[in-house]
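Visitor: The structure follows.
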Amino acid sequence: GRQVNTDQLRNYDTEDGSPYNWNYNYHNNPYWIALKNDNMDSRDRIIGSANMRYQFNPWLTGSVRAGTDWYRDWRKRTYANGTIDWPDGAFGEDLLFNQESNAEFLMTATPSLLETLGLTLNVGGNVRNEVFRRNNEGAGELIVPNVFNIGNSAVTPTVDAYEEEKRVNSLYGSAQFAYNNYFFVDVTGRNDWSSTLPEENNSYFYPSVSSSLVFTDLFPAASMNDLLSYGKIRASWTRVGNDAEPFQTVAVFSSSTPFGSIPRYAVPNTIANSTLKPEETTAWETGLELRFLDERLVLDATYYNKETDNQILATPISAASGFTNQVLNAGKISNKGIELMLDATPVRLDNGFSWNAILNFARNRSMVEELYGDIETVSLNGIGYWALTVEARKGEPYGALFGNPYLRNAAGQLILDEGLPQADPQKRVLGHYTPDWTAGLTNVFRFGNADFSFMFDMKQGGELFSVTHMFGRYAGVLEETLVGREGGLVIEGVNADGTPNTTNVTAQAYNHAFYGIHEANIFAASYVKLRGVKLGNSLTP
């Protein structure tokens, strides 16, 4: 309750008369962070494109297009003298440069072969270049206070430079056949050549074929006396390729601060793969679209099944090899699911008032079918979040949360140590971040030129790990930590010998005991959210 001079942030006496040292509290002091330490950034960006189209004859056109997206991003973080981690001041500065450029051509032909048959042919190509550079410099100690310049460094400054380039060359084509405007067939093919894959594996082809039939046009009787105004069935099959990130096929040495005048370079912790193959996803789907009562009710349903082979992953290996990971085509993951959309207009009045409701529903089931060799799991987040890892585990849905549960006996009772819960050293799957299903509901009300809408977003199932809860409980800032602050508490459970626990423990000891027990910080990720509310009016002349 003491007033703080935020201009000078000087020391002052505490209630017991002892001096209060700001140096040990700057790190968590919001005034110091806001007024003394800066986090600055600015971005310059240019996006531009140009295209040209030429009509060779009534059924043949050609076009060329080129464009680029370029930006330069500058960031600087400064720490004033007296900051707990940087008592003599420090700063770090980054300059990032990114550019993606595309050049493509496309030839389109629409020959008239038969009156009942429509045909559209496309042939094209694309060249995509990506460039990314990052330059970083910083100093952990300054000569002149609060002069954040590399020339003011009192120690050897840290400098770093990183650069990557990527090029993908592509050729592609498609053909669309339309018979009497109710039966359609589309065939596509594309071949990519990527610079991030080994030369012998850098070419990959992915085709697709899809078809749809408007059966209400083919069989007018299917309209059921105009109850069904439109009906279509569709099916498709596709195979899609994907390349790797840069520097996955050859080892790249990284430099570090020289030892005196001797430069130092380090071997990466990940073994590159010179025989890497592109990822490949094969999928098929089927769907149905129905429109009833002059489109007052629309139903769109889809079922899909897809598998990804040769997934590129950095899989863990024994550190005794001198490395911790190896880049491999390590996985096969399947996804099966349904997607539903229901669009209804329950109210449509002659005075212009209408109510439209749209419901979307999706359910996906993923499964890690295979991993490389005898590998049973691959961590997707390195060493994890406080030792909890998100993993692709063989035989489990993608995104398993793997960590330490409570230590329990066969009957499920907590096994306590001096009255406190313990972490089971044997880790296990505590949940998955993938939901059982997701849904969204949008309502739109219109009257004249005005409209009012709101949208709900829903997710059911899935779990999350809360680091905020883990530290909040440890620090005693959560409401639930109030339990037992007066008189302590006795935790329900058993001792190591199986006898019921009768030990009284303090609230502080109890809440500290949860640190490192990941199960205590796993929560259901289900929610219902009001995503947005909109009130609008259309101004017409």
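The values are calculated or read from the model by the stated rules, or taken from the named source; none is laboratory data. These numbers come from a predicted model, not from an experiment. Here the Cβ positions follow ideal geometry from the backbone for every residue, glycine too, while neighbour counts run over all protein chains shown. Side chains are part of the model used for accessible areas, which takes the heavy atoms of the whole protein and leaves out ligands, DNA and RNA. Shrake-Rupley method; radii C 1.70, N 1.55, O 1.52, S 1.80 Å.
Visitor: Could you tell me which label, among [x] 71, 54, 44; [y] 97, 56, 54; [z] 96, 65, 65, carries the value of Cα extents along the principal axes in Å calculated for this structure?
Guide: [z]
Visitor: Now a separate question. Through the Karplus equation 6.51 cos²θ - 1.76 cosθ + 1.60, θ set to phi - 60°, convert the phi angles of the range 345-357 into ³J(HN,Hα) values in whole Hz; use x for Gly and Pro.
Guide: So the Karplus estimates, Gly and Pro as x, are 10, x, 10, 8, 9, 5, 7, x, 7, 8, 10, 10, 10 Hz.
Visitor: So which GluC sites (Glu not before Pro) in the range 395-479 end up in coil per DSSP with only 16 or fewer other C-beta atoms within 10 Å?
Guide: Values: sites: Glu418, Glu463, Glu479; in loops: Glu418.
Of the GluC sites (Glu not before Pro), the ones in loops of the range 395-479 whose Cβ has at most 16 other Cβ atoms within 10 Å are Glu418.
Visitor: Please report the relative contact order for the range 402-541, taking Cα pairs under 8 Å with a sequence separation of at least 6, and give it as a percent rounded to a whole number. Write down the numbers at each step before the final one.
Guide: Details: 282 pairs, mean separation 47.5, N = 140.
Once divided by the residue count of the range 402-541, the mean separation gives 34 percent.
Visitor: Roughly to the nearest percent, how much of the accessible area of the chain is carbon and sulfur, given a 1.4 Å probe?
Guide: Values: 17490 of 32090 Å².
That share works out to 55 percent.
Visitor: Net charge around Asn501, counting only other residues with Cβ within less than 15 Å of its Cβ (Lys, Arg = +1; Asp, Glu = -1)?
Guide: Numbers: positive: Arg408; negative: Asp417, Glu418, Glu492, Asp497.
In short, -3.
Visitor: Nearest 20 debye, what's the magnitude of the dipole of the chain about its Cα centre given +1 on Lys and Arg Cβ and -1 on Asp and Glu Cβ? Could the numbers behind the result be given before it?
Guide: Details: 42 positive and 62 negative charges, 186 e Å.
Dipole magnitude for the chain comes out near 900 debye.
Visitor: Could I ask something else about it? Mind checking which of Leu171, Val127, Thr61 is farthest towards the positive end of the chain's charge dipole, using Cβ charges of +1 (Lys, Arg) and -1 (Asp, Glu) about the Cα centre?
Guide: Positive-end residue among those listed: Thr61.
Visitor: Within a Cβ distance under 13 Å of Val214, other residues only, what is the Lys/Arg minus Asp/Glu net charge?
Guide: Numbers: positive: Lys232, Arg234, Arg291; negative: Asp217, Glu289.
After counting each charged neighbour, the total is +1.
Visitor: Only loop residues by DSSP count here, and only those with at most 16 other Cβ atoms within 10 Å; note down the GluC sites (Glu not before Pro) in the range 80-175 that meet that.
Guide: Numbers: sites: Glu93, Glu100, Glu104, Glu115, Glu130, Glu137, Glu141, Glu163, Glu164, Glu165; in loops: Glu115, Glu141.
When the GluC sites (Glu not before Pro) of the range 80-175 are filtered for loop state and at most 16 Cβ neighbours within 10 Å, Glu115, Glu141 remain.
Visitor: Something else now. Give the long-range amide H neighbours of Arg408: residues separated by 5 or more places, or on another chain, with amide H under 5 Å away, using H modelled in the peptide plane at 1.01 Å from N.
Guide: Ile415
Visitor: Same structure, new question: Of Leu276, Phe259, Thr238, whose Cα points farthest to the positive end of the dipole of the range 224-379 (charges on the beta-carbon: +1 Lys, Arg; -1 Asp, Glu; origin at the Cα centre)?
Guide: Phe259
Visitor: Then there is this: If you count only protein heavy atoms with a 1.4 Å probe, what accessible area per residue comes out for the chain, rounded to a whole Å²? Let's see the in-between values first.
Guide: Details: 32090 Å² over 541 residues.
Normalised by residue count, the accessible surface of the chain is 59 Å².
Visitor: Between Glu199 and Asn225, 0.36 nm times their residue separation minus their Cα-Cα distance comes to what? Could the numbers behind the result be given before it?
Guide: Details: separation 26, 0.36 × 26 = 9.36 nm, distance 6.14 nm.
Working it through step by step, the gained length comes to 3.2 nm.
Visitor: Continuing with this model, one more query. Could you tell me which chymotrypsin sites (Phe, Trp or Tyr not before Pro) in the range 243-343 are loop residues by DSSP with no more than 10 other beta carbons within 10 angstrom of their beta carbon?
Guide: Values: sites: Phe247, Phe253, Phe259, Tyr265, Trp284, Phe292, Tyr303, Tyr304, Phe323; in loops: Phe247, Phe253, Phe323.
Those satisfying the criteria are Phe253.
Visitor: Quick check on the range 119-167: of the DSSP beta bridges with both residues there, what percent are antiparallel, nearest 5%? Walk me through the numbers on the way to the answer.
Guide: Values: 11 of 11 bridges.
The antiparallel proportion sits near 100 percent.
Visitor: Could you give each residue of the range 473-480 its phi-based ³J(HN,Hα) in whole Hz, using Karplus coefficients 6.51, -1.76, 1.60 with θ = phi - 60°, and x for Gly or Pro?
Guide: Karplus values, whole Hz, x for Gly and Pro: 6, 4, 7, x, 9, 8, 4, 5.
Visitor: Compute the relative contact order of the range 213-356 as a whole-number percentage, counting only Cα pairs closer than 8 Å that sit 6 or more residues apart in sequence.
Guide: Numbers: 304 pairs, mean separation 30.7, N = 144.
For the range 213-356, the relative contact order is 21 percent.
Visitor: Next up: Starting at the first residue of the range 157-173, write each ³J(HN,Hα) from the Karplus equation 6.51 cos²θ - 1.76 cosθ + 1.60 with θ = phi - 60°, in whole Hz, x for Gly and Pro.
Guide: Rounded to whole hertz, the list is x, 9, 10, 8, 9, 9, 8, 9, 10, 8, 9, 10, 9, 9, 10, 8, x.
Visitor: Give the relative contact order (percent, whole number) for the chain; include only Cα pairs under 8 Å separated by 6+ residues.
Guide: Values: 1339 pairs, mean separation 35.9, N = 541.
RCO, the chain: 7 percent.
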